[in-house]
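A short write-up of the structure that comes next.
The values are calculated or read from the model by the stated rules, or taken from the named source; none is laboratory data. Predicted, not measured: the structure shown is a model, and the values here were computed from it. Here Cβ is always computed from backbone atoms with ideal geometry, including for glycine, and neighbour counts include all displayed protein chains. With ligands, DNA and RNA removed, areas are computed over all heavy atoms of the protein, side chains included. Shrake-Rupley method; radii C 1.70, N 1.55, O 1.52, S 1.80 Å.
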Amino acid sequence: MNENYRHRQLLNLLAERKALSTQEIITLLNISPATARRDITKLNEQGRLKKVRNGAEAVEEKPFRPRPIAVTNSINNADEKQRIAEAAAQLCQDGESVILTCGSTMLMLGSSLCGHNVQIMTNFLPLANYLIEHDHNDVVIMGGQYNKNQAIMLSLNTNAEAIYAADVMFTSGKGLTTDGLYKTDMLIANSEQRMLSRIGKLVVLLDSTKLGKQAGMLFSDIQHIDVLITGKEADPEIIALLKTKGLEIILA
């Protein structure tokens, strides 16, 4: 059990029980006394729990205040994308680990999730920087070589992405048909494809103008997409056609 996962489990238990003895933590997480004491100390220093004699207590969470990002006129369909991002955030459960790929909608989604008990994994540097600057507790930056044009990190090791696993991957693309999701940047698409085998759910975020379009390479077959979130402006005929393939669709 890695440290980040162990910390999330401990905080989830404290959220339910409010207080735990060190022995209870050792038993529930199946860890050594030294590891339990180290975790309690570290999370206490981060302000995520309160260290007490022979145990730990939950801390009262500060009221969450959304930290909106600056939406510029250069973002196409910005209002629709913001609604899509907010709907996507509602799918995330407390304590989950999620992968956010690159793009303006992902930046908006990251803003909506910032401050919540969710581990966010990304190689999109504008998003990673935003989360760090706004004190999000659990950020994993997937490493590699910096690609300036896309502002992302791409690994030169074809096996690197396979070490990352998450409950949900949120991604977008340039088009979606009954065949599946299309992306135009082949390097990014190939990098993201290598993570698909280690996620619990694939959620696609696309503004309505991209539905029914094919562009670039087929990133994922339609049957491997769990949820599509798009705007209420979407063409009803396209939505109906996609639903015949068994795709769950949320209109934001």
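Residue check, GLU57 against (1) modelled with pLDDT under 90; (2) more than 15 Å from the chain's Cα centre (by Cα), all met but one. Which one?
The one condition GLU57 does not meet is (1).
Can you work out which of the residues in the stretch 164-189 that are surrounded by fewer than 20 Cβ atoms within 10 Å (Cβ to Cβ) and within 16 Å of the chain's Cα centre (by Cα) is modelled with the highest pLDDT?
Per the criteria, the residue is ASP167.
How many of the residues in the stretch 225-252 are outside any strand (DSSP E or B) and either within 18 Å of MET106 (Cα to Cα) or under 18 Å from the mean Cα position of the chain (by Cα) (or both)?
Looking only at that region, the number is 4.
Looking only at the stretch 190-203, decide whether some residue is of a type in the set (Gly, Ala, Ser), open to solvent by less than 50 Å² (accessible area, probe 1.4 Å), farther than 16 Å from MET106 by Cα and part of a loop (DSSP other than H, G, I, E, B).
No, every residue in the stretch 190-203 fails to be of a type in the set (Gly, Ala, Ser), open to solvent by less than 50 Å² (accessible area, probe 1.4 Å), farther than 16 Å from MET106 by Cα and part of a loop (DSSP other than H, G, I, E, B).
Has the stretch 60-79 got any residue that is touching a Phe, Trp or Tyr at 6+ places or on another chain (Cβ under 8 Å), of a type outside the set (A, V, I, L, M) and at pLDDT 90 or above?
So far as the stretch 60-79 goes, no, none of its residues is touching a Phe, Trp or Tyr at 6+ places or on another chain (Cβ under 8 Å), of a type outside the set (A, V, I, L, M) and at pLDDT 90 or above.
Scan the stretch 166-189 for residues that are more than 16 Å from GLY103 (Cα to Cα) and either assigned to a strand (DSSP E or B) or among the basic types (Lys, Arg) (or both) and jot them down.
Within the stretch 166-189, ALA166, ASP167, VAL168, LEU176, GLY180 qualify.
Within the stretch 31-48, which residues are more than 27 Å from the chain's Cα centre (by Cα) and outside any helix (DSSP H, G or I)?
ILE31, SER32
Which of the residues spanning the stretch 7-23 are assigned to a helix (DSSP H, G or I) and surrounded by fewer than 16 Cβ atoms within 10 Å (Cβ to Cβ)?
ASN12, ALA15, GLU16, ARG17, GLN23, listed by residue number.
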